[in-house]
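The values are calculated or read from the model by the stated rules, or taken from the named source; none is laboratory data. Only a predicted model underlies this, so the values are computations on that prediction, with no experimental measurement involved. Glycine gets a Cβ as well: all are built from the backbone with ideal geometry, and neighbour counts include every protein chain shown. Side chains included, ligands, DNA and RNA excluded: accessible areas come from the protein's heavy atoms. Shrake-Rupley method; radii C 1.70, N 1.55, O 1.52, S 1.80 Å.
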Amino acid sequence: MTAPETAELFPQEVVPSAPRQTGPGRKLGVFDDNRARPIHRWYPFVEGYSDELVAECLDEAGSGDLAVLDPFGGSGTTALAASLRGHDSMFCEVNPYLAWVADVKVNVTREAAQQSVDSVLRLAESVERDGVAPGSSKHALVHADQRRGFFPHGVVRQVVGLLELIDTELDGAERELARLGVATSLIPTSNMIRRTDLRKRKAGDPQPLPFALTVARQLRMIHEDVLRAGPALAGRATRVAADARALKATPTPVTLVVTSPPYLNGTNYCRNTKLELLALNLIEEEQDLASLRTDSITAGINNVSRRRSDPDVIDAVEETATKLDEVAYDQRIPRLVRLYFADMRLVFRSVRAQVVTGTRFALDIGDSRFAGVHVPTPALLAEVAASEGWTLESSRLLRARRSYDGSPLEQVLLNFRSVEP
Ligand SMILES: C[S@@+](CC[C@H](N)C(=O)[O-])C[C@H]1O[C@@H](n2cnc3c(N)ncnc32)[C@H](O)[C@@H]1O
(Lines give C-alpha, C1' and ligand atoms only; values in the text may rest on other atoms or scores of the structure.)
Protein backbone atom coordinates (compact mmCIF):
# COMPACT_ATOMS: atom_id res chain seq x y z
CA MET A 1 0.00 0.00 0.00
CA THR A 2 1.54 3.34 -0.94
CA ALA A 3 0.49 6.84 -0.16
CA PRO A 4 -0.42 8.02 -3.66
CA GLU A 5 -2.79 5.13 -4.33
CA THR A 6 -4.44 5.49 -0.93
CA ALA A 7 -4.79 9.21 -1.41
CA GLU A 8 -6.36 8.61 -4.81
CA LEU A 9 -9.17 6.58 -3.32
CA PHE A 10 -9.52 8.16 0.11
CA PRO A 11 -9.00 11.90 0.08
CA GLN A 12 -8.00 13.10 3.53
CA GLU A 13 -9.99 16.26 3.66
CA VAL A 14 -13.60 16.56 2.68
CA VAL A 15 -15.22 19.89 2.02
CA PRO A 16 -18.99 19.37 2.26
CA SER A 17 -19.97 22.52 0.47
CA ALA A 18 -16.68 23.78 -0.83
CA PRO A 19 -16.58 27.55 -1.27
CA ARG A 20 -16.66 28.81 -4.83
CA GLN A 21 -13.08 29.09 -6.09
CA THR A 22 -11.82 32.22 -7.73
CA GLY A 23 -8.61 33.25 -9.48
CA PRO A 24 -6.30 31.65 -12.03
CA GLY A 25 -5.50 28.48 -10.01
CA ARG A 26 -9.00 27.05 -10.50
CA LYS A 27 -9.13 23.61 -12.03
CA LEU A 28 -12.52 23.70 -13.70
CA GLY A 29 -11.71 21.27 -16.51
CA VAL A 30 -10.49 18.36 -14.37
CA PHE A 31 -12.00 16.08 -11.73
CA ASP A 32 -9.39 16.89 -9.00
CA ASP A 33 -11.51 19.06 -6.71
CA ASN A 34 -14.40 16.59 -6.85
CA ARG A 35 -12.22 14.17 -4.85
CA ALA A 36 -12.99 16.28 -1.77
CA ARG A 37 -16.71 16.65 -2.47
CA PRO A 38 -19.30 14.29 -1.02
CA ILE A 39 -20.84 11.82 -3.48
CA HIS A 40 -18.58 13.01 -6.34
CA ARG A 41 -15.66 11.41 -4.44
CA TRP A 42 -17.18 7.92 -4.51
CA TYR A 43 -15.76 7.35 -7.98
CA PRO A 44 -12.76 9.48 -8.91
CA PHE A 45 -13.12 9.67 -12.70
CA VAL A 46 -9.93 10.99 -14.29
CA GLU A 47 -11.73 12.06 -17.45
CA GLY A 48 -14.41 13.96 -15.55
CA TYR A 49 -14.62 17.71 -15.09
CA SER A 50 -15.38 19.68 -11.95
CA ASP A 51 -18.64 20.28 -10.14
CA GLU A 52 -17.61 23.97 -10.27
CA LEU A 53 -17.65 24.08 -14.05
CA VAL A 54 -21.25 22.89 -14.12
CA ALA A 55 -22.16 25.22 -11.23
CA GLU A 56 -20.88 28.20 -13.21
CA CYS A 57 -22.95 27.25 -16.24
CA LEU A 58 -26.05 26.85 -14.04
CA ASP A 59 -25.45 30.24 -12.40
CA GLU A 60 -24.95 31.93 -15.75
CA ALA A 61 -28.24 30.47 -16.97
CA GLY A 62 -29.98 32.62 -14.31
CA SER A 63 -32.71 31.72 -11.87
CA GLY A 64 -35.69 29.54 -12.63
CA ASP A 65 -36.18 25.94 -13.61
CA LEU A 66 -33.62 24.45 -15.95
CA ALA A 67 -33.71 21.18 -17.88
CA VAL A 68 -30.04 20.30 -18.25
CA LEU A 69 -28.74 17.78 -20.79
CA ASP A 70 -25.32 16.13 -20.82
CA PRO A 71 -25.01 14.07 -24.04
CA PHE A 72 -21.76 12.47 -22.75
CA GLY A 73 -22.73 11.90 -19.13
CA GLY A 74 -19.71 9.84 -17.97
CA SER A 75 -19.76 9.36 -14.21
CA GLY A 76 -22.60 11.87 -13.80
CA THR A 77 -20.79 15.05 -12.73
CA THR A 78 -23.29 17.25 -14.58
CA ALA A 79 -26.30 15.36 -13.23
CA LEU A 80 -25.01 15.43 -9.64
CA ALA A 81 -23.99 19.10 -9.76
CA ALA A 82 -27.42 19.99 -11.20
CA SER A 83 -29.31 17.90 -8.63
CA LEU A 84 -27.41 19.46 -5.72
CA ARG A 85 -28.53 22.86 -7.01
CA GLY A 86 -32.16 21.90 -7.43
CA HIS A 87 -32.31 21.05 -11.14
CA ASP A 88 -33.50 17.95 -12.97
CA SER A 89 -31.23 16.71 -15.72
CA MET A 90 -30.99 14.26 -18.59
CA PHE A 91 -27.99 12.41 -19.92
CA CYS A 92 -26.79 10.04 -22.61
CA GLU A 93 -24.04 7.55 -21.82
CA VAL A 94 -23.02 4.56 -23.84
CA ASN A 95 -21.13 2.73 -21.08
CA PRO A 96 -23.71 0.93 -18.87
CA TYR A 97 -21.39 0.97 -15.85
CA LEU A 98 -20.90 4.74 -16.00
CA ALA A 99 -24.62 5.27 -16.61
CA TRP A 100 -25.34 3.16 -13.50
CA VAL A 101 -22.80 5.12 -11.42
CA ALA A 102 -24.57 8.36 -12.39
CA ASP A 103 -27.97 6.86 -11.53
CA VAL A 104 -26.73 5.66 -8.11
CA LYS A 105 -25.04 8.97 -7.28
CA VAL A 106 -28.17 10.99 -8.04
CA ASN A 107 -31.39 8.98 -8.01
CA VAL A 108 -30.56 6.10 -5.67
CA THR A 109 -28.84 8.41 -3.18
CA ARG A 110 -31.76 10.83 -3.28
CA GLU A 111 -34.09 7.94 -2.42
CA ALA A 112 -31.68 6.57 0.20
CA ALA A 113 -31.59 9.94 1.97
CA GLN A 114 -35.31 9.48 2.78
CA GLN A 115 -34.77 6.18 4.59
CA SER A 116 -32.30 4.36 6.82
CA VAL A 117 -28.99 3.27 5.26
CA ASP A 118 -27.73 1.57 8.41
CA SER A 119 -27.28 -1.73 6.56
CA VAL A 120 -24.50 -0.17 4.50
CA LEU A 121 -22.65 0.78 7.69
CA ARG A 122 -23.31 -2.63 9.26
CA LEU A 123 -21.92 -4.31 6.14
CA ALA A 124 -18.75 -2.19 6.41
CA GLU A 125 -18.36 -3.20 10.06
CA SER A 126 -18.87 -6.90 9.36
CA VAL A 127 -16.39 -6.86 6.45
CA GLU A 128 -13.79 -5.12 8.66
CA ARG A 129 -14.37 -7.57 11.51
CA ASP A 130 -14.83 -10.89 9.71
CA GLY A 131 -13.43 -10.34 6.22
CA VAL A 132 -15.26 -11.71 3.17
CA ALA A 133 -16.13 -15.35 2.46
CA PRO A 134 -15.30 -16.57 -1.07
CA GLY A 135 -18.18 -16.80 -3.53
CA SER A 136 -19.00 -18.94 -6.56
CA SER A 137 -16.33 -19.87 -9.08
CA LYS A 138 -18.88 -19.65 -11.91
CA HIS A 139 -19.00 -15.85 -12.16
CA ALA A 140 -17.91 -14.08 -15.39
CA LEU A 141 -15.30 -12.09 -13.45
CA VAL A 142 -13.75 -15.32 -12.14
CA HIS A 143 -13.53 -16.77 -15.66
CA ALA A 144 -11.90 -13.59 -16.96
CA ASP A 145 -9.50 -13.54 -14.01
CA GLN A 146 -8.45 -17.15 -14.63
CA ARG A 147 -7.33 -16.19 -18.14
CA ARG A 148 -5.96 -12.72 -17.47
CA GLY A 149 -4.78 -12.61 -13.83
CA PHE A 150 -6.63 -9.40 -13.06
CA PHE A 151 -6.53 -9.86 -9.28
CA PRO A 152 -4.04 -11.03 -6.64
CA HIS A 153 -4.61 -14.62 -5.48
CA GLY A 154 -8.01 -15.17 -3.80
CA VAL A 155 -9.38 -11.64 -4.32
CA VAL A 156 -11.77 -12.34 -7.19
CA ARG A 157 -13.67 -14.97 -5.15
CA GLN A 158 -13.99 -12.43 -2.31
CA VAL A 159 -15.43 -9.89 -4.77
CA VAL A 160 -18.01 -12.41 -5.95
CA GLY A 161 -18.70 -13.55 -2.37
CA LEU A 162 -19.44 -10.01 -1.25
CA LEU A 163 -21.68 -9.31 -4.24
CA GLU A 164 -23.61 -12.51 -3.49
CA LEU A 165 -23.96 -11.52 0.17
CA ILE A 166 -25.23 -8.07 -0.82
CA ASP A 167 -27.80 -9.64 -3.15
CA THR A 168 -29.06 -11.91 -0.37
CA GLU A 169 -29.04 -9.49 2.54
CA LEU A 170 -29.85 -6.08 1.05
CA ASP A 171 -32.39 -4.64 -1.32
CA GLY A 172 -33.45 -1.36 -2.93
CA ALA A 173 -31.22 1.67 -2.50
CA GLU A 174 -28.98 0.04 0.12
CA ARG A 175 -28.20 -2.82 -2.26
CA GLU A 176 -27.21 -0.45 -5.07
CA LEU A 177 -25.07 1.68 -2.75
CA ALA A 178 -23.29 -1.41 -1.41
CA ARG A 179 -22.68 -2.69 -4.96
CA LEU A 180 -21.15 0.68 -5.80
CA GLY A 181 -18.86 0.28 -2.79
CA VAL A 182 -17.64 -3.02 -4.27
CA ALA A 183 -17.40 -1.78 -7.86
CA THR A 184 -15.32 1.26 -6.91
CA SER A 185 -12.94 -0.97 -4.93
CA LEU A 186 -12.11 -3.27 -7.84
CA ILE A 187 -9.28 -1.47 -9.61
CA PRO A 188 -7.45 -0.31 -6.45
CA THR A 189 -7.41 -3.93 -5.16
CA SER A 190 -6.52 -5.51 -8.52
CA ASN A 191 -3.29 -6.08 -10.44
CA MET A 192 -4.47 -3.33 -12.82
CA ILE A 193 -3.89 0.41 -12.63
CA ARG A 194 -5.33 3.42 -14.47
CA ARG A 195 -2.62 5.31 -16.34
CA THR A 196 -4.76 6.97 -19.04
CA ASP A 197 -5.75 3.43 -20.05
CA LEU A 198 -6.17 0.47 -17.73
CA ARG A 199 -3.00 -1.64 -17.68
CA LYS A 200 -1.18 -4.20 -15.52
CA ARG A 201 0.78 -2.78 -12.59
CA LYS A 202 4.53 -2.71 -13.14
CA ALA A 203 7.45 -2.71 -10.70
CA GLY A 204 7.44 0.75 -9.17
CA ASP A 205 3.64 1.14 -9.38
CA PRO A 206 1.73 1.15 -6.08
CA GLN A 207 0.78 -2.31 -4.81
CA PRO A 208 -2.89 -3.41 -4.82
CA LEU A 209 -4.78 -2.44 -1.66
CA PRO A 210 -6.33 -5.15 0.58
CA PHE A 211 -9.88 -5.89 -0.64
CA ALA A 212 -11.82 -6.13 2.64
CA LEU A 213 -10.42 -2.93 4.17
CA THR A 214 -10.76 -1.02 0.92
CA VAL A 215 -14.38 -1.95 0.38
CA ALA A 216 -15.18 -1.27 4.05
CA ARG A 217 -13.76 2.25 3.73
CA GLN A 218 -15.73 2.86 0.55
CA LEU A 219 -18.94 1.69 2.26
CA ARG A 220 -18.29 3.98 5.23
CA MET A 221 -17.67 6.91 2.90
CA ILE A 222 -20.87 6.20 0.99
CA HIS A 223 -22.87 5.90 4.21
CA GLU A 224 -21.43 9.16 5.56
CA ASP A 225 -22.13 11.09 2.35
CA VAL A 226 -25.71 9.82 2.02
CA LEU A 227 -26.46 11.18 5.49
CA ARG A 228 -24.60 14.44 4.96
CA ALA A 229 -25.22 15.39 1.34
CA GLY A 230 -28.12 13.12 0.29
CA PRO A 231 -30.85 15.46 1.59
CA ALA A 232 -29.48 18.21 -0.68
CA LEU A 233 -30.20 16.16 -3.82
CA ALA A 234 -33.24 17.95 -5.19
CA GLY A 235 -33.19 17.10 -8.90
CA ARG A 236 -33.57 13.77 -10.66
CA ALA A 237 -31.40 12.48 -13.51
CA THR A 238 -32.88 10.61 -16.48
CA ARG A 239 -30.87 8.64 -19.01
CA VAL A 240 -32.51 9.60 -22.28
CA ALA A 241 -30.32 7.54 -24.63
CA ALA A 242 -27.23 5.35 -24.60
CA ASP A 243 -25.73 6.69 -27.85
CA ALA A 244 -25.96 10.50 -28.06
CA ARG A 245 -25.95 10.28 -31.86
CA ALA A 246 -29.25 8.42 -31.64
CA LEU A 247 -30.96 10.72 -29.13
CA LYS A 248 -34.54 10.87 -30.38
CA ALA A 249 -36.68 12.69 -27.87
CA THR A 250 -36.32 14.11 -24.38
CA PRO A 251 -39.23 14.09 -21.90
CA THR A 252 -38.96 17.89 -21.55
CA PRO A 253 -37.36 20.49 -23.83
CA VAL A 254 -33.71 21.02 -22.94
CA THR A 255 -32.80 24.52 -21.71
CA LEU A 256 -29.05 24.09 -21.05
CA VAL A 257 -26.45 21.67 -22.42
CA VAL A 258 -23.18 21.07 -20.54
CA THR A 259 -20.82 18.32 -21.63
CA SER A 260 -17.36 16.99 -22.32
CA PRO A 261 -17.16 14.60 -25.28
CA PRO A 262 -14.39 12.03 -25.67
CA TYR A 263 -11.18 13.67 -26.83
CA LEU A 264 -9.78 12.69 -30.20
CA ASN A 265 -7.07 10.13 -29.39
CA GLY A 266 -8.35 9.96 -25.84
CA THR A 267 -8.90 6.95 -23.67
CA ASN A 268 -11.04 3.83 -24.21
CA TYR A 269 -13.89 4.31 -21.75
CA CYS A 270 -15.37 0.84 -22.13
CA ARG A 271 -12.15 -1.15 -21.88
CA ASN A 272 -11.14 0.88 -18.83
CA THR A 273 -14.22 -0.30 -16.94
CA LYS A 274 -14.13 -3.96 -17.97
CA LEU A 275 -13.62 -5.22 -14.40
CA GLU A 276 -16.67 -3.31 -13.19
CA LEU A 277 -18.77 -4.32 -16.22
CA LEU A 278 -17.92 -7.99 -15.63
CA ALA A 279 -18.40 -7.83 -11.86
CA LEU A 280 -21.87 -6.32 -12.17
CA ASN A 281 -22.88 -8.70 -15.00
CA LEU A 282 -23.24 -5.80 -17.42
CA ILE A 283 -21.18 -7.81 -19.90
CA GLU A 284 -20.67 -11.57 -19.94
CA GLU A 285 -17.17 -11.64 -21.42
CA GLU A 286 -14.54 -9.21 -22.64
CA GLN A 287 -15.62 -9.68 -26.26
CA ASP A 288 -18.90 -7.94 -25.38
CA LEU A 289 -16.93 -4.68 -25.18
CA ALA A 290 -16.96 -4.66 -29.00
CA SER A 291 -20.65 -3.73 -29.23
CA LEU A 292 -20.20 -0.92 -26.69
CA ARG A 293 -17.32 0.36 -28.82
CA THR A 294 -19.56 0.44 -31.89
CA ASP A 295 -22.03 2.65 -30.04
CA SER A 296 -19.26 5.01 -28.91
CA ILE A 297 -18.01 8.10 -30.71
CA THR A 298 -14.99 7.08 -32.79
CA ALA A 299 -12.29 8.76 -30.73
CA GLY A 300 -9.38 6.30 -30.54
CA ILE A 301 -7.36 4.41 -33.11
CA ASN A 302 -8.71 1.05 -31.88
CA ASN A 303 -12.26 2.25 -32.45
CA VAL A 304 -11.72 2.76 -36.15
CA SER A 305 -13.92 0.05 -37.59
CA ARG A 306 -13.15 -1.21 -41.07
CA ARG A 307 -16.75 -2.34 -41.39
CA ARG A 308 -18.10 1.19 -41.05
CA SER A 309 -18.70 2.96 -44.35
CA ASP A 310 -16.80 6.17 -45.13
CA PRO A 311 -18.44 9.20 -43.54
CA ASP A 312 -19.73 12.14 -45.60
CA VAL A 313 -16.98 14.59 -46.44
CA ILE A 314 -16.87 17.60 -44.10
CA ASP A 315 -15.03 20.35 -45.96
CA ALA A 316 -13.69 22.03 -42.82
CA VAL A 317 -12.05 18.79 -41.70
CA GLU A 318 -10.50 17.85 -45.05
CA GLU A 319 -7.49 20.20 -44.86
CA THR A 320 -6.26 18.46 -41.69
CA ALA A 321 -7.35 14.98 -42.79
CA THR A 322 -5.52 15.20 -46.13
CA LYS A 323 -2.33 16.33 -44.39
CA LEU A 324 -2.66 13.20 -42.29
CA ASP A 325 -3.30 11.08 -45.43
CA GLU A 326 0.18 12.12 -46.55
CA VAL A 327 2.21 11.82 -43.37
CA ALA A 328 0.44 9.40 -41.01
CA TYR A 329 2.31 6.16 -40.27
CA ASP A 330 -1.05 4.43 -39.92
CA GLN A 331 -3.90 5.09 -42.37
CA ARG A 332 -6.42 4.58 -39.59
CA ILE A 333 -5.38 8.04 -38.26
CA PRO A 334 -6.91 10.21 -41.01
CA ARG A 335 -9.94 7.91 -40.97
CA LEU A 336 -10.24 8.38 -37.21
CA VAL A 337 -10.22 12.17 -37.65
CA ARG A 338 -12.91 12.04 -40.36
CA LEU A 339 -15.10 9.65 -38.35
CA TYR A 340 -14.73 11.68 -35.13
CA PHE A 341 -16.06 14.88 -36.65
CA ALA A 342 -18.78 13.00 -38.54
CA ASP A 343 -19.91 11.46 -35.24
CA MET A 344 -19.81 14.80 -33.45
CA ARG A 345 -21.87 16.33 -36.23
CA LEU A 346 -24.58 13.75 -35.54
CA VAL A 347 -24.52 14.70 -31.86
CA PHE A 348 -24.83 18.43 -32.59
CA ARG A 349 -27.77 17.53 -34.82
CA SER A 350 -29.56 15.23 -32.36
CA VAL A 351 -29.12 17.70 -29.48
CA ARG A 352 -30.24 20.66 -31.61
CA ALA A 353 -33.53 18.83 -32.23
CA GLN A 354 -34.23 18.83 -28.46
CA VAL A 355 -33.65 22.52 -27.70
CA VAL A 356 -35.40 25.77 -28.46
CA THR A 357 -33.63 28.60 -30.25
CA GLY A 358 -31.32 30.53 -27.91
CA THR A 359 -30.24 27.55 -25.77
CA ARG A 360 -26.65 27.52 -24.49
CA PHE A 361 -24.39 24.53 -25.18
CA ALA A 362 -21.18 24.54 -23.10
CA LEU A 363 -18.66 22.04 -24.44
CA ASP A 364 -15.34 21.21 -22.80
CA ILE A 365 -12.79 19.94 -25.34
CA GLY A 366 -9.09 19.88 -26.23
CA ASP A 367 -7.02 19.78 -29.42
CA SER A 368 -4.76 16.89 -30.52
CA ARG A 369 -1.61 16.09 -32.43
CA PHE A 370 -0.94 13.07 -34.66
CA ALA A 371 2.28 12.35 -36.60
CA GLY A 372 3.36 15.96 -36.12
CA VAL A 373 0.06 17.32 -37.49
CA HIS A 374 -1.94 19.59 -35.21
CA VAL A 375 -5.68 18.84 -35.19
CA PRO A 376 -7.49 22.02 -34.04
CA THR A 377 -10.43 20.11 -32.60
CA PRO A 378 -12.22 23.11 -30.99
CA ALA A 379 -12.06 25.19 -34.19
CA LEU A 380 -13.21 22.26 -36.33
CA LEU A 381 -16.03 21.44 -33.92
CA ALA A 382 -17.15 25.07 -34.12
CA GLU A 383 -17.44 24.74 -37.91
CA VAL A 384 -19.24 21.42 -37.68
CA ALA A 385 -21.60 22.84 -35.04
CA ALA A 386 -22.36 25.87 -37.21
CA SER A 387 -23.67 23.57 -39.93
CA GLU A 388 -26.09 22.05 -37.40
CA GLY A 389 -27.65 25.23 -35.97
CA TRP A 390 -25.14 26.18 -33.27
CA THR A 391 -23.21 29.45 -33.31
CA LEU A 392 -20.02 29.87 -31.28
CA GLU A 393 -20.36 32.78 -28.86
CA SER A 394 -17.12 32.47 -26.93
CA SER A 395 -14.20 30.20 -26.19
CA ARG A 396 -12.41 30.19 -22.87
CA LEU A 397 -9.07 28.61 -21.99
CA LEU A 398 -9.46 26.11 -19.16
CA ARG A 399 -6.00 24.53 -19.07
CA ALA A 400 -2.71 24.19 -20.93
CA ARG A 401 -1.85 20.56 -21.82
CA ARG A 402 0.99 18.74 -23.59
CA SER A 403 0.81 16.15 -26.36
CA TYR A 404 2.85 12.90 -26.25
CA ASP A 405 5.60 14.63 -28.25
CA GLY A 406 5.69 17.54 -25.78
CA SER A 407 4.00 20.15 -28.00
CA PRO A 408 1.60 22.53 -26.31
CA LEU A 409 -2.12 21.73 -26.41
CA GLU A 410 -5.13 23.39 -24.81
CA GLN A 411 -8.38 22.54 -23.11
CA VAL A 412 -11.13 25.07 -23.75
CA LEU A 413 -14.78 25.64 -22.95
CA LEU A 414 -16.70 26.40 -26.14
CA ASN A 415 -19.96 28.26 -25.63
CA PHE A 416 -22.50 27.73 -28.39
CA ARG A 417 -26.01 29.05 -28.73
CA SER A 418 -28.70 27.48 -30.85
CA VAL A 419 -29.84 29.59 -33.79
CA GLU A 420 -32.75 29.28 -36.23
CA PRO A 421 -32.03 26.28 -38.45
C1 LIG B 1 -15.05 12.88 -21.16
S2 LIG B 1 -16.16 11.64 -20.67
C3 LIG B 1 -17.41 12.57 -19.82
C4 LIG B 1 -17.03 12.82 -18.38
C5 LIG B 1 -18.09 13.54 -17.57
N6 LIG B 1 -18.14 14.96 -17.90
C7 LIG B 1 -17.83 13.38 -16.08
O8 LIG B 1 -17.46 14.35 -15.40
O9 LIG B 1 -17.95 12.25 -15.58
C10 LIG B 1 -16.97 11.21 -22.18
C11 LIG B 1 -18.01 10.12 -22.03
O12 LIG B 1 -18.66 9.95 -23.29
C13 LIG B 1 -19.09 8.59 -23.37
N14 LIG B 1 -19.45 8.30 -24.77
C15 LIG B 1 -18.66 7.95 -25.81
N16 LIG B 1 -19.38 7.82 -26.94
C17 LIG B 1 -20.66 8.11 -26.62
C18 LIG B 1 -21.88 8.17 -27.36
N19 LIG B 1 -21.92 7.86 -28.66
N20 LIG B 1 -23.00 8.50 -26.70
C21 LIG B 1 -22.99 8.78 -25.36
N22 LIG B 1 -21.87 8.73 -24.62
C23 LIG B 1 -20.72 8.41 -25.23
C24 LIG B 1 -17.92 7.83 -22.81
O25 LIG B 1 -18.30 6.53 -22.39
C26 LIG B 1 -17.48 8.74 -21.66
O27 LIG B 1 -18.08 8.33 -20.45
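Compared with the alpha-carbon gap, the fully stretched path from ASP288 to ALA234 is longer by 15.9 nm at 0.36 nm per residue. Working ranking of peptides 114-125, 390-401 by packing, defined as the average number of other Cβ atoms within 10 Å per residue, highest first, is 114-125, 390-401.
Per residue, the convex hull spanned by the alpha carbons of region 107-153 comes to 130 Å³. Beta-bridge orientation, the chain: approximately 60 percent antiparallel, per DSSP, counting only bridges with both partners inside. Over the chain, accessible surface divided per residue gives 43 Å², non-protein components excluded, 1.4 Å probe.
A DSSP coil position with no more than 11 other Cβ atoms inside 10 Å describes the following trypsin sites (Lys or Arg not before Pro) in region 210-309: LYS248, ARG306, ARG307. How tilted is helix 172-183 with respect to the longest principal axis of the chain? Cα atoms for both, answer in degrees (0 to 90, nearest 10). So the helix axis and the longest Cα principal axis differ by about 80 degrees.
For the chain, the mean residue ellipticity at 222 nm estimated from helices alone is -11500 deg cm²/dmol, where every DSSP H run of n ≥ 4 contributes -39500 (n - 2.57) and the total is divided by all residues, rounded to the nearest 500. Note: relative contact order over region 3-238, using C-alpha pairs below 8 Å and six or more positions apart, is 24 percent. Per residue, the average separation of C-alpha pairs within less than 8 Å and at least 6 apart gives the chain a relative contact order of 17 percent. When +1 charges are put on Lys and Arg Cβ atoms and -1 charges on Asp and Glu Cβ atoms, the dipole computed for the chain relative to its Cα centre reaches about 700 debye. With R₀ fixed at 25 Å, the C-beta to C-beta distance from GLU128 to GLU164 puts the FRET efficiency at about 0.85. Dividing the convex hull volume of the alpha carbon atoms of region 3-238 by its residue count gives 133 Å³ per residue. Bridgeable lysines around LYS27 (alpha carbons under 25 Å apart, same-chain partners fewer than 8 residues away excluded): LYS105.
Using equal-weight Cα scatterers in the Debye expression, the normalised intensity of the chain in log10 at q = 0.09, 0.10 Å⁻¹ is -0.56, -0.70. Note on the chain: with neighbouring protein chains present and a 1.4 Å probe, carbon and sulfur make up 49 percent of its accessible heavy-atom surface. Extension gain for the segment ARG199 to ARG401, taken as residue separation times 0.36 nm less the Cα-Cα distance, is 70.5 nm to one decimal.
Helix 118-130 axis versus longest C-alpha principal axis of the chain: approximately 60°, rounded to the nearest ten. Think of the chain as a dipole: +1 on every Lys or Arg Cβ, -1 on every Asp or Glu Cβ, centred on the Cα centre; then among SER305, SER137, ALA316, SER137 lies furthest on the positive end.
Measuring between their Cα centroids, region 95-150 and region 244-286 lie 20 Å from each other. Computed from the alpha carbon atoms alone, the convex hull of region 292-361 holds 113 Å³ per residue. Take each peptide in 355-364, 406-415, count the other Cβ atoms within 10 Å of every residue, and average; sorted highest first, the result is 355-364, 406-415.
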